[in-house]
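Worksheet: the structure to be examined is printed underneath.
The values are calculated or read from the model by the stated rules, or taken from the named source; none is laboratory data. Bear in mind the structure is a predicted one, so any value in this text is a computation, not a measurement. Cβ coordinates were reconstructed from backbone atoms using ideal geometry, including for glycine residues, and neighbour counts include every protein chain displayed. These accessible areas exclude ligands, DNA and RNA; they are computed on the full protein's heavy atoms, side chains included. Shrake-Rupley method; radii C 1.70, N 1.55, O 1.52, S 1.80 Å.
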Amino acid sequence: MTGAPGTIERPLRVAIIGAGPTGFYAADQLFRQDNLVVEVDMFDRVPMPFGLVRSGVAPDHQKIKSVTAAFDKIAGHPRFRFYGCVELGKHLTVEDLRAHYHQIFYATGAQTDRRMGIPGEDLKGSHPATEFVAWYNGHPDYQDHQFDLGVERAAVVGVGNVAIDVARILCRTPEELAKTDISEQALEALSRSRIEEVYLLGRRGPAQAAFTNPEIKELGEMAGADVVVDPREAELDPLSRAALAQTGDRATTKKVEILSSYAGKAPTGKPRRLTIRFLVSPVELVGNDAGEVTGIKLVKNELYETPTGTLQPRATDETEILPVGLVFRSVGYKGVPLPGVPFNDKWAVILNEKGRVLDLETRQPVRGEYTAGWIKRGPSGVIGTNKPDAVETVACMLEDLANGAVMEPSAPTAEAADALVRARQPQCLSYDDWRHLDALEIERGRAAGRPRVKLTRLKDIQAALEERGGAGNR
Amino acid sequence: MTISTILARKGVKVVTIRPEQTLREALALLAQHSIGAVLVTSASGALVGILSERDIVREAVKNERFFDLAVSSIMTRDVISGTPGDDVNAVAATMTSKRFRHLPVLDAGRVIGVISLGDIVKAQRDEYLGAIDTLETQIISERAS
């Protein structure tokens, strides 16, 4: 073979691992290049595309999910293929990919949660928030999870976007939830929920909380829950006040204002209460003889300033116990290593420089392997943040292509790759399969007055495809 | 956003020099790695200073024979350093107000990376671009519905 790939006779073949936003942004950026013919095969371990837009973004945030319209357009490119239910390390190895692609792009996200590292963390009734989110969003791997919603009080540890989502979903009325695409199972369970009090626990103060202003405002508009903030905790400490005066940051000023407005308001007697607490860290989960959570022991924090001006929490000796029967931890997420891909354990990301995967020993780029999204930089930002991140990585891919630094696959054709994938995973789903399921879900939703009713079990998905005339048709 | 987000995509290379090495060697490192500052570490790996291109420029103006000077003779000894959990926005404000452009990052006392003002600008820009993109998507969908 002569010349660089990227021509009509010899297209550049790229495998994208992970069908979330980052993967689509990368595919889009590749397809946008003039004078470059690219074939993109996108793989995901779950049947459906869109990653956390489908299984992470809260069901009552349909507007945020509308970004999938853009992804759908990208998937319509004639040289794009999607393979659902195909997992790297299970159905395909990195070596398999090297035989069929010039470049591999890892965009698998941050799949597990960080632990709090405190006694009692594994008591019954203590869960990672991510599992609850995956459950209510109908992720096929989490449909058998059980959450005891028969208790009266629940705590959500953390004040990031996911923590807020979980607290809000716990507080929503059945009528509110019924308008969303929450899984039928979760809708049913949450409709019978006996929870009356939900605590959101932040280790720092109102000015440092990660949640955005629209989210915090939305809490005040819930039909069935009052938002409660202790005025003493809503008031800024002198360090935060000084920092805010120095930066004059408008978003933070507004956030503090909204929280103060909650602190000044008396509950209106709605059936549920969402209490936002600041400057507290859990130090222990307390349980009963049956091994169930009965409370969360908190220590009061104070803030101190680091040399860089960051305000960090420091424990005081003041503690309290909040009686709760359910605890969700949302204190950060982390990536999991992919078999055969260099991993930076310290940051829980793929070892990389600007998206070029680096060899563990030599610290030099591994030819033809790239990464972007949360598995590249860690979990931060909104969906759109992954766009500039993917663009940065694609720039490296194009630079390396121009320098001839791509892999040399022995069988660089779409047919050869397709045959291998189908041999390894006969039940893989195509993008056409997804379009069929998408239409079906929306149809099921229409009857119930909902945006969609999700198919959440593998057997139901396969049955729906068989009814149409077999899975895997292109 | 914490500065660990920035470090995660910078590989693990940290360019360092020993205090007894020369400015000639320091310049070679700055040029080779296209960087604006090099960390000065002791034999045990402890951070003892930082040497920036500005430090060298200042010396070069008053002393044409600066090449053979030891790094320790002009390095900044009083170094402000960060930890991975520091907030990007706080770091940006501090770098601007205290007028320095490179922040060594330590974890349990060990140097694990350096963050430049350029890195901070890029991270903040990407954050804003992402937020704008996501908001636009929502507004467009609102209009469509």
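One table, with the values for the structure above:
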item	result
Per residue value of the accessible surface for chain B (all protein chains in place, 1.4 Å probe), Å²	53 Å²
Only Lys, Arg (+1) and Asp, Glu (-1) charged, at Cβ; the protein assembly as shown dipole about Cα centre in debye	800 debye
Whether the protein assembly as shown is rounded, prolate or oblate, judged on the alpha carbon gyration tensor where a/c under 1.5 counts as rounded	oblate
Beta bridge orientation in chain A: antiparallel %, DSSP, nearest 5	40 percent
Filter on A:90/A:376; A:217/B:98; A:300/B:122; A:179/A:387; A:179/A:255 - keep pairs with C-alpha separation over 25 Å	A:217/B:98; A:300/B:122; A:179/A:387; A:179/A:255
Solvent-accessible surface (1.4 angstrom probe) belonging to residue A:68, in square angstrom, nearest 10	40 Å²
Rounded, prolate or oblate (a/c below 1.5 giving rounded, otherwise prolate when a/b exceeds b/c) for segment A:103-233 by Cα gyration tensor	rounded
Most to least accessible of A:457, A:446 (protein chains only, probe 1.4 Å)	A:446, A:457
³J(HN,Hα) computed for each position of segment A:84-89 - Karplus, 6.51 cos²θ - 1.76 cosθ + 1.60, integer Hz, glycine/proline x	x, 6, 10, 10, 5, x
Accessible surface buried upon B-A contact (total; probe 1.4 Å; Å², nearest 100)	2700 Å²
Accessible area of residue B:16 in the full protein assembly, 1.4 Å probe (Å², nearest 10)	60 Å²
Pair residue A:415, residue A:317: separation of 7 Å Cα→Cβ label points (nm)	7.9 nm
Selection of GluC sites (Glu not before Pro), segment B:1-59, meeting DSSP coil and at most 16 other Cβ within 10 Å	B:20
Heavy atoms of residue A:347 accessible to a 1.4 Å probe, total area in Å² rounded to 10	40 Å²
Shape call, segment A:1-116: gyration tensor on alpha carbons, a/c limit 1.5	oblate
Helix-only CD estimate at 222 nm, as mean residue ellipticity for the protein assembly as shown, using -39500 (n - 2.57) per DSSP H run (n ≥ 4)	-11000 deg cm²/dmol
Inter-chain Cβ neighbour average for residues B:75-82, partner chain, 10 Å	2
Percentage relative contact order, chain B, counting C-alpha pairs under 8 Å, at least six apart	25 percent
Within segment A:176-257, GluC sites (Glu not before Pro) in DSSP loop having at most 11 other beta-carbon neighbours inside 10 Å	A:221
Euclidean distance of C-alpha centroids, segment A:134-206 and segment A:44-65, integer Å	16 Å
FRET efficiency estimate (nearest 0.05) - Cβ-Cβ, residue A:266 to residue A:405, R0 41 angstrom	0.05
Extension gain from residue A:467 to residue A:363, taking 0.36 nm per residue of separation minus the Cα-Cα distance	32.4 nm
Most to least accessible of A:254, A:179 (protein chains only, probe 1.4 Å)	A:179, A:254
FRET efficiency, 1/(1 + (r/R0)^6) with R0 56 Å, evaluated for residue A:218 and residue A:37 via beta carbons	0.80
For a label point 7 Å along the Cα-to-beta-carbon line of residue A:242, residues of segment A:304-332 with backbone N under 17 Å	A:304-314
Residue A:283/residue A:72 FRET efficiency (R0 35 Å; Cβ-Cβ; nearest 0.05)	0.15
